[in-house]
Amino acid sequence: MTTTSSGDLFADTPLTGQHAVITGGSRGIGAACADALARLGANVSLVSRSADALATKKQEIEAARGVKVATAVADVADPEEVETAFAAVTDALGAPHILINNAGIGKSAPFHRTTLDFWQETIALNLTGAFLCTQQVYGAMREAKYGRIVNIASIVGLHGYAYIAAYAASKHGVVGLTRSLALEAAKSGITVNAVCPGYTDTDLVTEAVDNIVEKTGRSADDARAELASTSPIGRLITPEEVAETAAWLCLPSSSAITGQAIVVAGGAVQN
């Protein structure tokens, strides 16, 4: 691993020589995180359920940044697939120095229509997936006495919203996992933080808009405007804004920042 001096915040590629794994890395926030980390010099591994989307993103990053890119197809809720995927990317690029736990789902349903299957699917992907992926890198990070783990949570991991009990519970769990592991890892050179976006302009928001249209008959523009209005800045957050925050937490110079749940929501939630 190559790091720069205490001035690495101002270096062009302070993550040169590091290996970053991003789950859900083929689109949305995960793809933006991959772009940001590659721009800072990291070699990146993308884990996703879509082989085609992974291949496309791999080509984009390699062409734009000239870093090494590995990919692995996996459902992060499946322990065997996670183990196989992380073994493959480790063989390709070495032990990871950075993990971005981004993969997940954000479906909504009134509580009285929330089935056990719906609940378990959400918890498995959003919370258990982060646990399984972190297990795959934590041992090597402890041995190296260095690591950066960033969990993409949500503002609903800090307070509740109606009609998304399963999603909110899973993201509260992600924040709790973040804070607890940060304390355990504090003297091991490993930082563990969460980034909590508001409504972000990704496929998940598009699905939320479609759901509103289907259930209320309102137009897509009206539904999108309603979601944007939840932020004081009056617009959706961009994936790049979330990714820049995650990338900052991954810098060598961010070593004193751990156990935090950093909100990227235009002032919608203030800690």
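Nothing in this text is a laboratory measurement; each read-out follows from the coordinates by a stated rule. Since we're looking at a predicted model, the values are computed, not measured. Cβ: placed from backbone, ideal geometry, glycine included. Neighbour counts: every protein chain shown.
Which translational diffusion coefficient, to the nearest whole µm²/s, is obtained for segment 133-244 from the Stokes-Einstein equation, given a Kirkwood hydrodynamic radius over C-alpha pairs, 25 °C and 0.890 mPa s? Write down the numbers at each step before the final one.
On the way: Rh = 15.8 Å.
Reported coefficient: 155 µm²/s.
Kyte-Doolittle mean at least -1.0 and Cα extent at least 15 Å along the axis: which DSSP H helices of the chain qualify? Can you show the working numbers first?
Numbers: long enough: 28-39 (17 Å, 0.92); 51-65 (21 Å, -0.65); 79-93 (21 Å, 0.35); 129-144 (23 Å, 0.18); 165-185 (30 Å, 0.53); 203-216 (19 Å, -0.01); 239-249 (16 Å, -0.03).
Qualifying helices, which must be both long enough and hydrophobic enough, are 28-39, 51-65, 79-93, 129-144, 165-185, 203-216, 239-249.
Taking Rh as the Kirkwood radius, which is the inverse of the mean 1/r over Cα pairs, what is the Rg/Rh value for segment 65-204?
Working: Rg = 15.8 Å, Rh = 15.9 Å.
Reported Rg/Rh, Kirkwood definition of Rh: 0.99.
How charged is the neighbourhood of residue 27? Take every other residue with its Cβ under 15 Å from the Cβ of residue 27, and add Lys/Arg as +1 and Asp/Glu as -1.
Working: positive: 49, 57, 58; negative: 35, 52, 60, 201, 203, 207, 240.
Once positives and negatives cancel, what remains is -4.
Calculate log10 I(q)/I(0) of segment 177-233 for q = 0.14, 0.20, 0.24 Å⁻¹, where I(q) comes from the Debye formula with a single equal point scatterer on each Cα and nothing for solvent.
Values returned for q = 0.14, 0.20, 0.24 Å⁻¹ are -0.56, -0.72, -0.88.
Would you work out which of 255, 103, 267 lies farthest towards the positive end of the dipole of the chain? Charges go on Cβ: Lys and Arg +1, Asp and Glu -1.
Positive-end residue among those listed: 255.
Give the order of 159, 172, 112 when sorted by the count of other beta carbons within 10 angstrom, beginning with the fewest.
Numbers: 159 10, 172 18, 112 5.
By the 10 Å Cβ count, ascending: 112, 159, 172.
Excluding residue 194 itself, what net charge comes from residues whose Cβ is under 10 Å from its Cβ, given Lys and Arg +1 and Asp and Glu -1?
Numbers: positive: 171, 179; negative: none.
Summing Lys/Arg as +1 and Asp/Glu as -1 gives +2.
Tell me, which longest segment in the chain has none of the trypsin sites (Lys or Arg not before Pro) that fall in DSSP loops with at most 10 further Cβ atoms within 10 Å?
Values: sites that count: 145, 187.
It works out to 1-144.
On the first, second and third principal axes, largest extent first, how far apart are the outermost C-alpha atoms of the chain in Å?
54, 39, 39
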